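Everything below concerns the one structure shown next.
Values quoted throughout were computed directly from the atomic coordinates according to the rules given, and no laboratory measurement underlies them. The structure displayed is predicted, hence computed values, not measured ones. Neighbour counts run over all protein chains shown; Cβ positions are idealised from the backbone, glycine included.
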Amino acid sequence: MFKVIKKSKLSKARLTELKTSHGTIVGPFFMPIATKAAVKNLTASELEELGSQIILSNTYHLMLNPGITVIKKARGLHHFMNWTRPILTDSGGFQVFSLANLRKVKEKGVYFSDPQSGKKYLLTPEKSIQIQNDLGVDIIMVLDDVVGYPAKKIKVKEAMERTIRWAKRCRSQIASHKSPPLFGIVQGGIYQDLRIQSTKDLVELNFDGYAIGGVAVGEPREKMKQILNWVIPKLPTNKPRYLMGLGKPEEIVEAVKQGIDMFDCVIPTREARHGRLYLWTQRRGVSAPPSRSGTEARPLRPNQLSGKFYQTININNAKFAKDISPINNTNLKQYTKAYLHHLFRTNEPLGMRLATLNNLGFYLDLMNKIRQNIKQGKI
């Protein structure tokens, strides 16, 4: 299922392959967020054209709407959304955590109310696994108990220990059924002993991969880096490592150097909807980013992913009203910044679509560059 193709001699970065029932994914890789069976503002074919190898959907949201019965009737999530490549589903733990006063965590599972209808639900570890299996996806996650930052150690400890017990129940649920690869989720907040204990307990359960959760809930960046230093050395080298919910481009580059293989984040799509664009910083003698038709990239300068290798702009700013330079030099070079500014100022939906194409294109190009840098021995 998973193999390391090449290890960096300069860092802990690694080039990997993850085989799934819907195709092989070359890592490190980024998963665009398709929470409700759609990446906001884009079609499945557009995602394929951008070069997305895999997307992420959410068990909690799909359970509520349209409901698992509808998706099963459509022969699974892939057919339902017309996506032929791999899908990973989050268990719903983080989304339930975000419901705050609408949920109650018990040993059996999480009791919560649908914010829209008020209908009451119970999501157990077993139910989460059953739903993810019914969706017919390629990688599934255990149900975890997520705690925000800051939080007292006793509360973090209770949640971490409950996550381990739930992980065991998830493991038991798939023991007698044919199931996609199941990932455990390391919790423990900012506390070293809890993170190490969580990692140790999960590794003993021999999951197919390991995610590091609770690192995008408000903690400082320095803490995140510290958490990776505690956890990664304790993880098996022959299993994929997934950093959940991160992050900014420079954070992804640094996490890759620490040994992370998989990423997801709402930043590129969420910020696109508000008119913030991610663009490559052009350097003298450096060519434009590569085509997104595959996983290969053009040869790169060693320093292209260091320093200020990208910039962000707010296309709503008045200075772009008469800027007739192209949005980017790749998939949107036929559109000007002035045109995109106009679309946002007039609330035309096309504006958010173009901004999303730009930002996801940037993130997927970033992963291409990272893989090529590892291959060339530059990271």
field: Residues residue 346 and residue 177, FRET efficiency given R0 of 35 Å [Cβ-Cβ distance, rounded to 0.05]
entry: 0.10
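Only helical DSSP H runs with n ≥ 4 go in: add -39500 (n - 2.57) per run for the chain, normalise by residue count and round the 222 nm mean residue ellipticity to 500 deg cm²/dmol. Before the final figure, lay out the partial values.
Values: 13 runs with 139 residues, N = 379.
Rounded to the nearest 500, it is -11000 deg cm²/dmol.
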query: Counting pairs of alpha carbon atoms under 8 Å apart in space and at least six apart in sequence, what relative contact order in percent does the chain give?
result: 18 percent
query: Which far-off residues, 5 or more places away or on another chain, put their amide H under 5 Å from the one on residue 186, with H placed in the peptide plane?
result: 211, 212, 213
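Using r as the Cβ-Cβ distance of residue 108 and residue 221, and R0 as 25 Å, what FRET efficiency do you calculate, to the nearest 0.05?
0.10
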message: Given points 7 Å out from each Cα along the Cα-Cβ axis, report the residue 45 to residue 5 separation in nanometres with one decimal.
response: 2.8 nm
field: Backbone HN-Hα couplings from phi across segment 114-124 [Karplus 6.51/-1.76/1.60, Hz, Gly and Pro as x]
entry: 5, x, 8, 9, x, 5, 8, 9, 10, 9, 9
- line: Taking Cα atoms only, helix 153-175 is inclined relative to the longest principal axis of the chain by an angle, in degrees rounded to 10, of 80 degrees
query: What trypsin sites (Lys or Arg not before Pro) does segment 308-379 have in DSSP loop regions with at most 10 other beta carbons within 10 Å?
result: 308, 322
Ratio Rg/Rh [Cα only; Rh per Kirkwood] for the chain: 0.96
field: Gain in span if fully extended, residue 203 to residue 72, counting 0.36 nm per residue against the direct Cα distance
entry: 43.9 nm
message: Taking just the alpha carbons, could you work out the radius of gyration and Dmax for segment 16-102, both in angstroms?
response: 13.6, 41
- prompt: Contour minus end-to-end for residue 282 and residue 120, with contour as 0.36 nm per residue of separation and end-to-end as the Cα-Cα distance?
  reply: 53.1 nm
statement: To the nearest 0.05, the calculated FRET efficiency linking residue 270 and residue 237 through their beta-carbon distance, R0 being 22 Å, is 0.05
query: In the structure shown, do any of 6/200; 12/36; 108/168; 168/225 have a Cα-Cα gap over 24 Å, and if so which?
result: 6/200; 12/36; 168/225
- request: In a Gaussian network model over the chain where Cα atoms closer than 10 Å are linked, find which of 167, 159, 175 has the largest mean-square fluctuation.
  value: 175
Added length on full extension, which subtracts the Cα-Cα distance from 0.36 nm per residue, residue 165 to residue 338: 56.8 nm
